[in-house]
Amino acid sequence: MTDRDDPLLAALADIVGDRHVLTDPSVTAAYETDWSRRWSGRSRCVVRPASTDQVAEVVRACIAHDVNVVPQGGNTGLVGGGVPRNGEVVVTTGRLTELGPVGAVAGQVTAGAGVTIAALHDHAAAAGFTYGVDLGSRDSATVGGTIATEAGGVRVVRYGSTRAQVLGVEAVLPDGSVISRLEGLVKDNVGYDLPGLLIGSEGTLGIVTRARLKLHPREDHRVVALLALDSVSDALEVFSELRASLDGLAGVELMTADGLDLVAEHAGATSPFADRHPVCLLVELVGRADPTEDLAGVVGDLAVVRDAAVATDPNGRAGLWRLREAHTEAIAAVGPPPHKLDVSVPLPALPTLAERAPQVVAEVDASARTVLFGHVGDGNLHVNVIGPDSGDDRVDVAVLELVAELGGSISAEHGIGVQKVAHVGLGRGEADRTAMRRIKDALDPDGRFNPGVLFGI
Ligand code: FAD
Ligand code: 2HG
Ligand code: ZN
């Protein structure tokens, strides 16, 4: 039962009902530590609104009681942006799970912020469509969270990142007002693109409550191949050749021998190859007709491919994808929370990044283990470093400085969160940072939404 002597808790319970204001530490704990276990903090309470109106009322109650707010979706974020830091109210979107009908003519759907990406995929598929964004955390990651982080995932090479899927959003702003663009208009340029501003804003400017999303026609034929290679340069060459020769390239994912060893050890999934190859590239091709022959034709001509495993049936394809998608859990299973750097560079610089990242890490900590994997087509590598203490960010700085030197981005798809707040200057110049700060101050003058995220406190 809610503590009715606490005026904030009583006000929140009046809005959402007693059962949806959580204060028991054994229940709130799951909302207070992030997926990576690297960040955690105490909340004042966790509140579970069931509608946009309730979210707006909750925000107004927080304003009235001068309490800050942390929006949270599936809590799969990897940069500490969705967990409380200092007694904030966590507003979880777990009950905003309404899914509208798929508009078959336009290929659009309206989804509640708390709808998981897996549920959205099932819903779209049942109507003959697919949603463009897919990621390993699909069973928990939400529509709102992926919009707030501008999530990428494993299909960016075909459909673009989350930004490319969003036609509009409905959101509650830090003053409790509601903006709404859910009409699904393809053309609508009345003034500033406020939904666009919210995409990638990491809960610092508004709580997304619903979104109007673009869908793509479903392509039922697919083939997945795992290609054994000698180097990241060869992976780039293969990507370039596949992109030039084939339609329907829907995934180009890089793994290294070290990462695959961890996956075998901690996730029980083993490479189909008899030999240990320095690099493996997972390639997925989709189409309205079976693309297997097309893929085989192109791959057969590539001299750099040392070995190949091809899967056309659902189990075989899932098995190859598991090798790639199990990296995050396998690395987490090693022991201490890993340092996760999610970076991108211009494609020609990818081999240099892959070569130098482990070197700059070793210069800081010779015993650290650096594991590389990622989305080749997007120039996006996940540099995971196992070993250094959570609080010691010297390896983070070394990798991010290398990325900046190579003309890349210190945050490709996970966001800044609290992890990279001190390093935003490596990714944006002073004029950009000042403009961002002014936008934040204009929409959230009291710094009520997600304090400490993106900007320092
Ligand atoms: P949360 O973790 O709950 O929140 C993330 C951020 O968004 C926080 O700052 C939070 O305050 C804010 N937020 C959440 N909901 C809202 C809302 N409704 N309105 C406003 N702000 C909100 N990411 C990728 O980009 N690509 C990948 O391939 C990928 N793979 C992953 C695989 C695994 C196994 C894991 C654990 C994570 C992976 N991620 C990936 C990271 C993560 O899944 C994404 O960042 C995802 O977008 C987070 O969604 P969420 O609902 O869990 O958000
Ligand atoms: C992925 O691509 C995710 O699998 C997670 O973005 C990356 O664990 C990571 O570092
Ligand atoms: Zn990723």
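The values are calculated or read from the model by the stated rules, or taken from the named source; none is laboratory data. Here the structure is a predicted model, which is why all the values come from computation and not from measurement. All Cβ positions, glycine included, derive from the backbone under ideal geometry; neighbour counts span all protein chains shown. Side chains are part of the model used for accessible areas, which takes the heavy atoms of the whole protein and leaves out ligands, DNA and RNA. Shrake-Rupley method; radii C 1.70, N 1.55, O 1.52, S 1.80 Å.
A few notes on this one:
- Verdict on Gly335 being at pLDDT below 95 and either of a type in the set (D, E, K, R) or closer than 28 Å to Arg38 by Cβ (or both): yes
- Residue list for segment 334-348, filter: away from ligand 1 (no atom under 16 Å from the Cβ) and surrounded by 18 or more Cβ atoms within 10 Å (Cβ to Cβ): Val345
- Thr130 in a helix (DSSP H, G or I) and open to solvent by less than 30 Å² (accessible area, probe 1.4 Å): no
Each row is one residue, and each column tells you yes or no for (1) free of Cβ contacts under 8 Å to residues at least 24 places away in the same chain; (2) buried (at least 21 other Cβ atoms within 10 Å of the Cβ); (3) touching a Phe, Trp or Tyr at 6+ places or on another chain (Cβ under 9 Å).
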site: Arg37; (1), (2), (3): no, no, no
site: Glu57; (1), (2), (3): no, no, no
site: Leu78; (1), (2), (3): no, yes, yes
site: Val102; (1), (2), (3): no, no, yes
site: Ala113; (1), (2), (3): no, yes, no
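- Residues in segment 161-185 that are of a type in the set (A, V, I, L, M) and in contact (Cβ under 8 Å) with a residue 60 or more places away in the chain were compared, and the one that is most open to solvent (accessible area, probe 1.4 Å) is Val178.
Quick grid of which residues meet (1) at positive phi; (2) in a loop (DSSP other than H, G, I, E, B):
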{"position": "Leu350", "(1), (2)": "no, no"}
{"position": "Ser367", "(1), (2)": "no, yes"}
{"position": "Leu381", "(1), (2)": "no, no"}
{"position": "Val399", "(1), (2)": "no, no"}
{"position": "Pro451", "(1), (2)": "no, yes"}
{"position": "Leu454", "(1), (2)": "yes, yes"}
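- Options Asp301, Asp307, Asp342, Asp313; residue that is more than 16 Å from ligand 2 (Cβ to nearest atom) and touching a His at 6+ places or on another chain (Cβ under 9 Å): Asp307
- Test result for Ser201, more than 16 Å from ligand 2 (Cβ to nearest atom), of a type in the set (S, T, N, Q) and open to solvent by 30 Å² or more (accessible area, probe 1.4 Å): no
- Single unsatisfied condition, Val395 versus (1) within 15 Å of ligand 2 (Cβ to nearest atom); (2) touching a Pro at 6+ places or on another chain (Cβ under 7 Å); (3) not in a helix (DSSP H, G or I): (3)
- Selection over segment 303-333 of residues that are open to solvent by less than 40 Å² (accessible area, probe 1.4 Å), hydrophobic (A, V, I, L, M, F, W, C), closer than 18 Å to Gly251 by Cα and more than 16 Å from ligand 3 (Cβ to nearest atom) gives a count of 4.
- Cβ separations smaller than 6 Å between residues 6+ apart or across chains give no pair from segment 133-156 residues that are at positive phi and without any contact (Cβ under 8 Å) to a residue 12 or more places away in the chain to residues that are in a helix (DSSP H, G or I) and more than 6 Å from ligand 1 (Cβ to nearest atom).
- Condition met for Asp122 (within 13 Å of ligand 1 (Cβ to nearest atom) and not aromatic (Phe, Trp, Tyr)): no
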